[in-house]
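I have placed the structure first, in the form of structure tokens, so that the comments after it can refer back to it.
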């Protein structure tokens with residue numbers, strides 16, 4: 001096969017989708033199909049893909065038939081099709097309906113039965129217990145228990161509160177005053193005010209209430225991996241977030257990541273993924289607990305993260321790992337990232353002001369000087385006046401977001 005004998009199909013239109021489109025262009029110089037309900041700012045005014053907009057494509061009653069129609073239209077005997085989901089709900093629907101696309105998609109996804117063991121945080125923590133992985137002290141709260149849940153709390157304030165899956169369709173599309181992706185509370189009354197507001201919405205999912213692991217944004221870690229159809233991990237990259245986002249709807253998303261290398265956590269996560277028979281891309285969030293020296297796992301996402309372009313900054317291309325296996329049938333050894341580079345989704349001035357650790361600030365300055373930095377949306381081969389204006393407004397809008405919403409999570413100290 002040559003490099004034109006496959007067609008990538010991207011599901012979504014956010015930063016993650018654009019990052020994947022860019023990875024494909026850099027490696028293969030071909031245009032993927034991008035399927036979505038509507039274009040979001042990161043993919044607007046780009047010439048790197050062919051667009052198909054499908055009304056209500058993110059709905060379970062529309063997705064299978066709509067995707068099948070696209071697959072049948074573009075399927076040819078001499079061309080393989082790979083499909084890359086850019087959200088949890090697209091990934092979930094691919095797992096649930098994969099049998100409908102048999103013979104049309106060359107790459108595979110985790111089974112529906114495996115997905116059902118890890119698609120919410122409470123289920124994932126049961127897997128962690130089974131496989132010897134650490135996670136924070138946690139209360140799993142059913143909808144009717146929200147106002148009384150803290151009565152069973154064995155840990156102290158401050159606490160972190162999250163929906164069971166903040167990227168799930170149900171939570172993304174519910175509305176209530178004070179809605180955030182993640183909540184931080186220092187006292188009970190703050191928590192109760194939030195849940196009473198949440199109770200006015202149609203969100204019926206569980207809440208995850210956790211102890212706050214000490215440390216700011218730079219205590220977080222993230223691992224992106226690719227596992228082949230045999231469940232063997234073929235590529236891994238560890239990142240240390242140095243700054244997260246703080247606007248309510250994106251709170252906790254990574255804004256800047258420095259790629260790292262740590263064979264101990266690589267081996268631990270690799271063993272876990274292979275033990276459970278994981279297939280495809282994965283994105284695992286965790287936090288280093290300085291009190292114990294352990295990595296406390298938070299969640300696993302069955303797709304690359306929106307900040308996954310940090311892997312490219314480290315010199316690796318996750319899409320090539322997928323294509324090498326699904327299209328060309330290659331069986332290489334696992335590649336572990338060992339490079340240090342900076343990925344950022346915010347202007348340099350934001351990093352200068354809000355990354356306050358002296359050692360990290362100095363390292364970031366050095367990486368800029370060495371030109372070891374990347375931004376997902378600024379791609380010199382995809383710039384035109386409309387895109388420059390649109391992305392610039394979006395990019396520099398972060399300055400006002402931090403000015404309005406930033407708080408120092410690292411100062412949170414459990415009350416006595």
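Just grab the label-to-label distance for residue 97 and residue 44, each label 7 Å out from Cα along the Cβ direction, in nm (one decimal).
2.8
On C-alpha positions alone, give me the angle between the axis of helix 385-405 and the longest principal axis of the chain, in degrees, nearest 10.
10
Once you order the gyration tensor axes a ≥ b ≥ c over the Cα atoms, which shape class does segment 163-274 get: rounded for a/c under 1.5, otherwise prolate or oblate by comparing a/b with b/c? Working shown, then result.
Numbers: a/c = 2.48, a/b = 1.77, b/c = 1.40.
It is prolate, given that a/c is not under 1.5 and a/b is the larger ratio.
Pick from 107, 186, 345: which is most flexible by mean-square fluctuation in a GNM of the chain where alpha carbon atoms under 10 Å apart are linked?
Ranking 107, 186, 345 by mean-square fluctuation puts 186 first.
Suppose the chain between residue 249 and residue 152 were pulled fully straight at 0.36 nm per residue; how much longer would it get relative to their current alpha carbon spacing? Mind showing how you got there, number by number?
Details: separation 97, 0.36 × 97 = 34.92 nm, distance 2.86 nm.
Going from the current span to full extension adds 32.1 nm.
When a/c reaches 1.5 or more, the comparison of a/b and b/c decides; with that in mind, is segment 291-416 rounded, prolate or oblate per its Cα gyration tensor? If you can, show how the numbers build up before the last one.
Working: a/c = 1.84, a/b = 1.19, b/c = 1.55.
Oblate.
Relative contact order for the chain using alpha-carbon pairs under 8 Å, separation at least 6, rounded to a whole percent?
On the way: 776 pairs, mean separation 73.5, N = 416.
Reported as a whole number, the value is 18 percent.
Let's test the formula: R0 of 35 Å, r as the Cβ-Cβ distance of residue 137 and residue 76. What FRET efficiency results, to the nearest 0.05? Can you show the working numbers first?
On the way: r = 54 Å, r/R0 = 1.53.
It comes to 0.05.
(1) 0.94; (2) 1.01; (3) 0.97: which one is Rg/Rh (Cα atoms, Kirkwood Rh) as calculated from this entry?
(1)
If I take R0 = 30 Å and measure r between the Cβ atoms of residue 29 and residue 176 in this structure, what FRET efficiency does the formula 1/(1 + (r/R0)^6) give, to the nearest 0.05? Could the numbers behind the result be given before it?
Numbers: r = 46 Å, r/R0 = 1.52.
Using R0 = 30 Å, I get an efficiency of 0.05.
For a footprinting-style exposure proxy, rank 11, 33 by other Cβ within 10 Å, fewest first. Let's see the in-between values first.
Details: 11 26, 33 19.
By the 10 Å Cβ count, ascending, the order reads 33, 11.
Could you work out how far helix 121-131 tilts from the main Cα principal axis of the chain, as a 0 to 90 degree angle to the nearest 10?
90
Along the Cα→Cβ direction, 7 angstrom out, place labels at residue 68 and residue 192. What is the inter-label distance in nm?
Taking the two extended label points, one gets 5.2 nm.
With a/c under 1.5 counting as rounded, go ahead and sort segment 1-105 into rounded, prolate or oblate using the C-alpha gyration tensor (a ≥ b ≥ c being the square roots of the eigenvalues; past the cut-off, prolate if a/b is larger than b/c, else oblate). Intermediate results must be reported in sequence, preceding the final value.
Details: a/c = 1.79, a/b = 1.06, b/c = 1.69.
Cα axes put segment 1-105 in the oblate bin.
Using only Cα atoms and rounding to the nearest 10 degrees, what angle (0 to 90) does helix 188-198 make with the longest principal axis of the chain?
40
What does the extension gain come out to for residue 4 and residue 362, with contour length at 0.36 nm per residue minus their alpha carbon separation? Display every interim value, and only then the final one.
Details: separation 358, 0.36 × 358 = 128.88 nm, distance 4.35 nm.
Value of the extension gain: 124.5 nm.
Stretched out fully, how many nm does the piece from residue 202 to residue 267 gain, at 0.36 nm a residue minus the Cα gap?
Details: separation 65, 0.36 × 65 = 23.40 nm, distance 4.13 nm.
That pair, residue 202 and residue 267, stretches by 19.3 nm at full extension.
Looking only at 252, 231, 397, which one moves most when the chain is put into a Gaussian network model with springs between Cα atoms under 10 Å?
397
Determine the calculated [θ] at 222 nm for the chain from helices alone, applying -39500 (n - 2.57) to every DSSP H run no shorter than 4 residues and normalising by the residue count; nearest 500 deg cm²/dmol. The partial results should precede the final answer.
Working: 13 runs with 132 residues, N = 416.
That calculation yields -9500 deg cm²/dmol at 222 nm.
With labels modelled as points extended 7 Å from the Cα through the Cβ direction, what inter-label distance (nm, one decimal) is found for residue 353 paired with residue 113?
5.3
Quick one: if the Förster radius is 22 Å, what FRET efficiency do residue 370 and residue 338 give, using the C-beta to C-beta distance and rounding to 0.05?
Details: r = 16 Å, r/R0 = 0.74.
It comes to 0.85.
For a quick check, take a GNM of the chain with Cα springs below 10 Å and name the residue from 98, 278, 18 with the largest mean-square fluctuation.
Greatest mean-square fluctuation among the candidates belongs to 98.
I want the antiparallel fraction of DSSP beta bridges within the chain, as a percent rounded to 5.
Working: 43 of 60 bridges.
Around 70 percent of the beta bridges assigned by DSSP in the chain are antiparallel ones.
Round to a whole angstrom and tell me the spacing of the C-alpha centers of segment 330-373 and segment 174-211.
Using only Cα atoms to place each centre, the spacing works out to 33 Å.
Read-outs throughout are calculated quantities, based only on the coordinates presented, and are distinct from any laboratory measurement. The structure displayed is predicted, hence computed values, not measured ones. Reconstructed Cβ throughout: ideal geometry from the backbone, glycine too, with neighbour counts over all protein chains shown.
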